[in-house]
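Colleague: Structure below; questions to follow.
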Amino acid sequence: MAVKVVVANATHVQYAPTICELIHISAQQRGTGIANRTPEYIAEKMKQGKAVIALNNNNAVGFAYIETWSHGMFVANSGLVVDHEYRNSGLARKIKKNIFELSRKLYPNAKIFSITTGLAVMKLNSELGYVPVTFSELTRDIEFWQGCEGCKNFDILQRNEYKMCLCTGLMFDPARKKDSKKNGFMIIPQKLPFRFLFVRPFVFIRRIFQRLYIKIKRNELHRKINKANKYKQ
Ligand SMILES: CC(C)(COP(=O)(O)OP(=O)(O)OC[C@H]1O[C@@H](n2cnc3c(N)ncnc32)[C@H](O)[C@@H]1OP(=O)(O)O)[C@@H](O)C(=O)NCCC(=O)NCCS
């Protein structure tokens with residue numbers, strides 16, 4: 001497959017309508033997880049160099065873009081889509097890697113996150129060092145959550161006051177990454193007894209619960225991945 005994955009720019013604006021259609025069709029099929037965007041919005045992301053496009057000759061066959069929230073504190077890699085004909089050949093993995101590297105380059109201190117129900121995205125994100133988090137760890141920027149309005153589960157999110165839904169929150173935190181071991185899931189600081197003396201008890205207890213939640217979600221994620229791998233074999 002001679003597909004090229006590149007950072008998009010103004011010369012790719014012609015592909016914006018095709019990409020919107022890909023996103024629209026996938027959103028309709030899945031019913032969850034992908035915010036519909038206009039061609040103008042996609043074109044703007046390309047002009048800003050905040051998107052990655054997969055091209056096969058003169059056809060756009062995959063895409064993902066960067067959004068920033070809470071004044072650049074958070075970055076989301078959104079709109080990941082691969083044309084049906086090109087699926088299951090590792091193209092999403094390439095796009096994800098490129099958009100992640102681009103995000104790290106443009107926003108080295110930002111927390112990179114996504115919310116998803118999709119196993120493929122969970123797999124790809126965990127390979128890049130994302131860990132499961134509660135929604136409380138994510139941006140509180142209302143505009144981000146408005147992107148969920150087209151999802152069939154939006155009422156669940158609203159009912160839970162935007163604190164939980166069917167999606168799993170996944171986050172790459174560059175600050176934690178420095179403290180952690182190579183394995184993306186090992187985020188418990190090694191100097192726990194020292195920290196225990198200085199961190200306020202409330203914060204400490206909250207962190208214990210957060211880590212417990214992460215552990216449960218991590219096991220759940222591994223179970224799903226193992227199950228999918230077994231199914232594939
Ligand atoms: C999700 C999507 C981007 C995956 O694209 P892809 O090019 O087929 O993915 P890849 O070939 O790179 O596969 C990456 C991994 O995910 C797995 N995977 C891919 N599609 C999957 C699916 N539907 N269910 C479970 N796992 C899946 C692959 O097996 C692979 O894992 P492996 O290497 O361990 O076998 C594509 O199916 C798509 O565009 N879907 C519609 C849009 C969408 O859902 N976007 C995500 C929004 S959160």
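Read the figures in this text as sums done on the coordinates, not as results from a lab. Because the structure is predicted, anything quoted here is derived from the model rather than measured. Cβ coordinates were reconstructed from backbone atoms using ideal geometry, including for glycine residues, and neighbour counts include every protein chain displayed.
Colleague: For Val75, work out the one condition from (1) away from the ligand (no atom under 13 Å from the Cβ); (2) not in a strand (DSSP E or B) it doesn't fulfil.
Modeller: With respect to (1) away from the ligand (no atom under 13 Å from the Cβ); (2) not in a strand (DSSP E or B), Val75 is out only on (2).
Colleague: Select from the range 79-114 the residues that are more than 8 Å from the ligand (Cβ to nearest atom) and assigned to a strand (DSSP E or B) and write down the one among them that is farthest from Ala27 (Cα to Cα).
Modeller: For the range 79-114, the residue satisfying everything is Lys111.
Colleague: While we're here: Looking at (1) buried (at least 17 other Cβ atoms within 10 Å of the Cβ); (2) more than 11 Å from the ligand (Cβ to nearest atom); (3) among the β-branched types (Val, Ile, Thr), which is the one condition that is false for Ile156?
Modeller: All conditions are met except number (1).
Colleague: In addition: Within the range 1-21, can you find the residues that are over 17 Å from Asn57 (Cα atoms) and in contact (Cβ under 8 Å) with a residue 24 or more places away in the chain?
Modeller: Ala10
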